[in-house]
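Colleague: What follows is a structure written as structure tokens; I'll ask about it next.
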Amino acid sequence: MFRRLALATLLAFSASSLYPQASQSNDASLTGHWNADVNYLGTHLYNGFDLDQQGEKLTGKLSGDALEGSIESSSFHFLVKDNDGGTKQVKGDIESGTLHGEVIETDPNSPTHPVTYTFIATRRPPRPTAPPRRHEFTPTVFYRQFSPFNQPVLTVNPGDTIHTTTVDAGGNDHDSVKRVLGGNPQTGPFYIESALPGDILVVHIVRLRLNRDWALSDDDIVQRATDSDLAIKMKDGGKTVIWHLDPANGTASLAKPPQHLAHYTVPLRPMLGCIATAPGPAQAPPGTGDSGRYGGNMDFNEITEGATVYLPVSNPGALLYLGDAHAAQGDGELNGNALETSMDVEFTVDVLPNKWLRAPRVETSTSIMAMGLGSLDEAFREATSNMAQWLADDYQLTPIEVAEFLGTAAHYNVSEAADRNAGMVLRIEKARLDTLTRVDK
């Protein structure tokens, strides 16, 4: 609710439409999960917090920090202290199931200059109960930023399935028609009902199908993967390469192969290079060539048909984007491009409420995979921490147990080396998890 971390806004939606009022009287218990629309000096931020009311006493958590306060008639107040010495004094009124008031936030580095801002909060809306639907969506616009400010193209419920298409990284569609400027243009964003900041969006990729017979790539090796000697040898690289796609035989081959690759073929393995939930508005919307906690241009070749992708939600509705389809790609996307093409995509969405995610995760029938993004060192650390959190949350392993398990079960892959952020993935085979007890929450 009241942190400065980017928590997204949708300019096209009012707070009342995002958070419909509950039919609660003023004397009902405040116990439960609440969602706040914060007006932080003119910027709308969104977050959730938990309250536990015992008589007139209030306790709970906000952004992981404990809160304590009380309620008196139709008014309430509570205090939040963080580990750095900062405080948030929250006070307000209860009216028709809605909390509204102000926050006085004090930074320990500037204690004489507190910041005051306002908020409105309502209870988490119920998950839609309508039967799952299948949606056919034909995109007419493609976006080049993972922005929270773009109007959603389709609203769906958890459990629904969407069938749609993507253009390639250069903006060309299945008919080889240029539809948009290149740079990984995306299909979406899709608004998922009941998804709120602090949740996890679950995207199950049901079907990926090539919809044309060609792809583009390059004949270079990215700088991150070359030493000075190899860089000199690659001085003539960087030209566009065209590949012929043969779905009937499941292979790709060079349209104009050089001498020693005349008989070289690549097994087709369609994948999505980009899949993301929009980050919040406190940062400039990242371009679709970038990646981060929100996902984005991860270029991970296990995001294939049958995979499930877990992404953090930072906006009401999650705002899901996808695109940058590849017919095939080796680990690291060493050419700077994979076999870039357009794709027919079918996926199902779901929401895991009140579950914090530090970085994207991927699950297949045989493995769970935790991602890290940044420099190679940062990505290695993030992937390890991401998997450690997964094992602690879902299998209740202690830190010592996590260490013993990862030390004997971890597999690491470089997923991405071509872009600003490198990617590292820690993979655990599900057979190694069979002896652990999963905790379903």
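Colleague: All but one of (1) in contact with a Leu (Cβ under 7 Å, 6 or more places away or on another chain); (2) free of Cβ contacts under 8 Å to residues at least 60 places away in the same chain; (3) open to solvent by less than 20 Å² (accessible area, probe 1.4 Å) hold for Pro139, so report the exception by its number.
Modeller: Single failed check for Pro139: (1).
Colleague: Leu245 - would you say it is at pLDDT 95 or above, within 30 Å of Leu373 (Cβ to Cβ) and not polar (S, T, N, Q)?
Modeller: Yes: the conditions hold for Leu245.
Colleague: Residues of the range 400-441 being in a helix (DSSP H, G or I), free of Cβ contacts under 8 Å to residues at least 60 places away in the same chain and either closer than 21 Å to Asp377 by Cα or under 24 Å from the mean Cα position of the chain (by Cα) (or both), which ones?
Modeller: The answer is Val402, Ala403, Leu406, Gly407, Thr408, Ala409.
Condition check ((1) open to solvent by 30 Å² or more (accessible area, probe 1.4 Å); (2) in contact with a Ser or Thr (Cβ under 6 Å, 6 or more places away or on another chain); (3) of a type outside the set (Val, Ile, Thr)) across all residues:
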site	(1), (2), (3)
Gln151	yes, no, yes
Ser217	no, no, yes
Thr226	yes, no, no
Ala231	yes, no, yes
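Colleague: Which residue pairs have Cβ atoms under 9 Å apart, sit 6 or more places apart or on different chains, and have a first residue in the range 375-388 that is free of Cβ contacts under 8 Å to residues at least 40 places away in the same chain and a second that is part of a helix (DSSP H, G or I) and open to solvent by less than 50 Å² (accessible area, probe 1.4 Å)?
Modeller: Ala388/Val402; Ala388/Leu406
Colleague: Does Leu272 satisfy being touching a strand residue (DSSP E or B) at 6+ places or on another chain (Cβ under 9 Å), within 21 Å of Asn157 (Cα to Cα) and assigned to a strand (DSSP E or B)?
Modeller: Values: touching a strand residue (DSSP E or B) at 6+ places or on another chain (Cβ under 9 Å): yes; within 21 Å of Asn157 (Cα to Cα): no; assigned to a strand (DSSP E or B): yes.
So Leu272 does not fit the description; no.
Colleague: Turning to a different aspect of this structure: Condition first: open to solvent by 10 Å² or more (accessible area, probe 1.4 Å) and among the aliphatic types (A, V, I, L, M). Now tell me which residues in the range 264-296 satisfy that.
Modeller: Listed by number, the residues that qualify are Val266, Leu268, Ala282, Ala284.
Colleague: Residue check, Glu102 against (1) of a type outside the set (Phe, Trp, Tyr); (2) farther than 24 Å from Pro353 by Cβ; (3) open to solvent by 60 Å² or more (accessible area, probe 1.4 Å); (4) at pLDDT 95 or above, all met but one. Which one?
Modeller: All conditions are met except number (3).
Colleague: Which residue, of Val345, Val266, is under 20 Å from the mean Cα position of the chain (by Cα), modelled with pLDDT of 95 or more and not acidic (Asp, Glu)?
Modeller: Of Val345, Val266, the one residue that is under 20 Å from the mean Cα position of the chain (by Cα), modelled with pLDDT of 95 or more and not acidic (Asp, Glu) is Val345.
The values are calculated or read from the model by the stated rules, or taken from the named source; none is laboratory data. In this text, all values refer to a predicted model and were calculated from it rather than measured experimentally. Don't worry about glycine lacking a Cβ; one is built from the backbone with ideal geometry, like all the others, and counts go over all protein chains shown. When the accessible area is computed, the model is the full protein with side chains, heavy atoms only, and any ligands, DNA or RNA have been set aside. Shrake-Rupley method; radii C 1.70, N 1.55, O 1.52, S 1.80 Å.
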